[in-house]
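The structure appears right after this line, and notes come after that.
The values are calculated or read from the model by the stated rules, or taken from the named source; none is laboratory data. Worth saying up front: this structure is predicted, and the values here are computed from it rather than measured. Note that we place each Cβ from the backbone using ideal geometry, even for glycine, and neighbour counts take in every protein chain shown. Just the protein is used for accessible areas: all its heavy atoms, side chains included, with ligands, DNA and RNA removed. Shrake-Rupley method; radii C 1.70, N 1.55, O 1.52, S 1.80 Å.
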Amino acid sequence: MLSIDRLDIELLGVLSRNARVGIVELASALGVARNTVQARLARMVEARVLSGFRPELDLTEVGIAVEAFMALELEQGRIQKVVNALTSMPEVLEIHATTGREDLLVRVATATQADLQALAQRVVSVQGVSHSTTTIALTTPLRYRIQPLLEHLGKEEGWGRSTPTPR
């Protein structure tokens with residue numbers, strides 16, 4: 001497990017706002033040397049803390065208007081086969097194994113409600129799925145975020161080994 005400090009958190013914050021920002025701009029925004037930024041990024045990538053730089057896509061703008069969550073109850077011992085089957089469906093965006101009555105929480109997206117119904121039929125026909133509940137997301141008032149949590153957890157951490165806090 002990699003320990004991250006406030007400089008790492010600030011670096012991740014700038015990247016989360018704009019993943020296309022260059023090393024020089026990052027260094028300038030953080031008040032540190034370019035080599036420091038490069039070393040920090042390399043360390044986080046190597047430790048698999050940072051796994052990529054992805055665009056944030058607005059699905060409705062590309063014609064995918066329906067987003068939903070499917071809670072799936074499975075037959076005992078079938079989780080991997082069900083996950084494999086779900087993974088082959090392009091409408092499946094995420095799969096989470098959960099505790100409680102349902103075994104999987106699956107985030108899906110389709111162009112229409114009719115497409116969602118067809119997808120639900122495909123999902124419940126997967127061998128090992130015994131029950132499903134589908135909930136349509138009307139809006140997303142808060143998108144996935146990590147920066148506030150990192151800032152909360154790192155508020156007591158320093159600003160690197162030798163660099164003073166730039167404030």
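Read through the list (1) open to solvent by less than 70 Å² (accessible area, probe 1.4 Å); (2) modelled with pLDDT of 95 or more, then give the number of the only condition that Thr135 fails.
Thr135 satisfies all of (1) open to solvent by less than 70 Å² (accessible area, probe 1.4 Å); (2) modelled with pLDDT of 95 or more except (1).
So, Arg34, is that one farther than 21 Å from Glu151 by Cβ and modelled with pLDDT under 90 or not?
No: the conditions fail for Arg34.
Which of the residues that make up region 26-48 are surrounded by fewer than 14 Cβ atoms within 10 Å (Cβ to Cβ) and of a type outside the set (Lys, Arg)?
Across region 26-48, the qualifying residues are Ser28, Ala33, Asn35, Gln38, Ala39, Ala42, Val45, Glu46, Ala47.
Looking at (1) open to solvent by 70 Å² or more (accessible area, probe 1.4 Å); (2) at pLDDT below 95, which is the one condition that is false for Leu93?
For Leu93, the failing item is (2).
If I ask for residues that are within 15 Å of Ala118 (Cα to Cα), outside any loop (DSSP other than H, G, I, E, B) and free of Cβ contacts under 8 Å to residues at least 24 places away in the same chain, which ones from region 69-97 would you list?
Passing the criteria: only Val92.
Report yes if some residue within region 94-110 is of a type in the set (S, T, N, Q) and under 29 Å from Ile4 (Cα atoms); otherwise report no.
Yes, that holds for at least one residue.
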